[in-house]
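Structure first, commentary second.
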Ligand SMILES: NC(=O)c1ccc[n+]([C@@H]2O[C@H](COP(=O)([O-])OP(=O)(O)OC[C@H]3O[C@@H](n4cnc5c(N)ncnc54)[C@H](O)[C@@H]3O)[C@@H](O)[C@H]2O)c1
């Protein structure tokens, strides 16, 4: 059995912590928010996942030293915007050679770094990084519904270690050596989910949603290929799998946020209404910048960006995207 330190007590961190603890691993959860730790310790419940009961043996701490020291895996589960600051604060307690896994999905807007690149930048090149990503809603993992995920790392031994620790009767874990591709998928699919939500919010139907999933995947593959990622990754669980679940699920906050924007709310109002991190909006500036940097056409990303910035009205978005220059599907 492994000893795992989970950094972040949001819905995903706590759902994974519960799963690992239930399967016999020794789990400690840390949060930057002291009241969150007090509430979890006192109630054994998470307010955003009210049906989930946390195992009595799970431990909680406000100390980064305690969550990082002597662990087999240190798991970063804070939203993407807090990965750098959390890693910087935890660095003193994370030795070189430590297996560090990340579940946050995003690309830093000013550096275009993925989460594991930020972790390598902050923690040093000797930590053994693994990205865990796939079609995985916390709400379902929290009640033991069947789920698949990818443990991605060029360090196959580290990926296989994480695969073994996270595998159980409800969670099937695949490995993939294309860590960068898996992370690019995780960031971009959230932007496509915003688009799918906007489309629903505008009153469009399943035809439009299917188009966004399919053409969104084309955009992701084009950018990923230009960046040197493996095409296969984009058709796997972290790519197509996560894209489908995010664009169609009632649990997707990116989809929900998009719906509110489609109904006329500003991005800021929509995020406030959703009340949790909306990673698609955080990833949007980097997605736009990367499409420009690599000279890759990404019209869905472009129109979502224009809408979010208020450069176009939501009612004009469909007309603009439908009336683009005619082209071959396979171009
Ligand atoms: N929720 C899911 O189903 C799911 C699934 C897969 C991946 N993810 C990814 O996991 C990451 C976390 O998502 P989540 O759903 O748990 O988000 P969330 O909105 O539930 O997380 C909020 C948590 O972030 C932490 N936090 C807040 N301020 C902080 C600070 N200043 N420094 C450090 N930590 C701080 C706190 O623990 C807080 O509870 C995201 O990148 C998300 O894309 C989520």
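When you work out D = kT/(6 pi eta Rh) for the stretch 1-128 at 4 °C and 1.567 mPa s, using the Kirkwood radius from C-alpha pairs as Rh and the Stokes-Einstein form, the result is 89 µm²/s.
Ranked highest first by average number of other Cβ atoms within 10 Å, how do 61-72, 6-17, 208-219, 34-45 line up? Mind dumping the intermediate values first?
Values: 61-72: 16.8, 6-17: 25.6, 208-219: 19.0, 34-45: 14.1.
Highest-to-lowest ranking by the protection proxy: 6-17, 208-219, 61-72, 34-45.
What is the packing order of peptides 178-184, 134-140, 270-276, taking the mean over residues of other C-beta atoms within 10 Å and listing the highest first?
178-184, 134-140, 270-276
Here each label is just a point 7 Å from Cα along the line to Cβ, and for residue 297 and residue 168 those points are 4.8 nm apart.
Say each of residue 268 and residue 231 gets a label point 7 Å from the Cα, pointing the same way as Cα to Cβ; how far apart are those two points in nm? A separation of 4.4 nm, rounded to one decimal place.
Build a GNM of the chain with springs between Cα atoms under 10 Å apart, and of 87, 283, 146 the one that fluctuates most is 146.
Taking each pair of distinct Cα atoms in the stretch 58-127 once, what is the resulting Kirkwood hydrodynamic radius in Å?
Working: mean 1/r = 0.0813 Å⁻¹.
Evaluated on the stretch 58-127, it is 12.3 Å.
Taking the three principal axes of the alpha carbon atoms in the chain, the coordinate ranges are 58, 39, 35 Å, sorted in descending order. A straight line joining the Cα centroids of the stretch 1-73 and the stretch 228-243 runs 30 Å.
Could you calculate the contour length gain from residue 312 to residue 326, that is, 0.36 nm times the residue separation minus the distance between their Cα atoms, to one decimal place in nm?
Working: separation 14, 0.36 × 14 = 5.04 nm, distance 2.13 nm.
Net length gain for the segment: 2.9 nm.
What residue among 290, 132, 237 shows peak mean-square fluctuation when the chain is described by a Gaussian network model with Cα springs under 10 Å? With Cα springs under 10 Å in the chain, the top fluctuation among 290, 132, 237 is at 290.
List the relative contact order of the chain as a percent without decimals, with contacts defined as Cα pairs under 8 Å and 6+ residues apart.
Details: 647 pairs, mean separation 47.8, N = 331.
With pairs under 8 Å counted, the relative contact order is 14 percent.
Each part gets one Cα centre, and for the stretch 100-117 versus the stretch 282-323 those centres are 21 Å apart. Take each peptide in 246-259, 307-320, count the other Cβ atoms within 10 Å of every residue, and average; sorted highest first, the result is 246-259, 307-320. Based on the alpha-carbon gyration tensor of the stretch 118-250 and its eigenvalue square roots a ≥ b ≥ c, which shape applies: rounded if a/c is under 1.5, prolate if not and a/b is larger than b/c, or oblate? It is oblate, given that a/c is not under 1.5 and a/b is not larger than b/c.
Read the figures in this text as sums done on the coordinates, not as results from a lab. Remember, it's a predicted structure, so these values are computed and weren't measured experimentally. Here the Cβ is made from the backbone with ideal geometry for all residues, glycine too, and neighbour counts use every protein chain on show.
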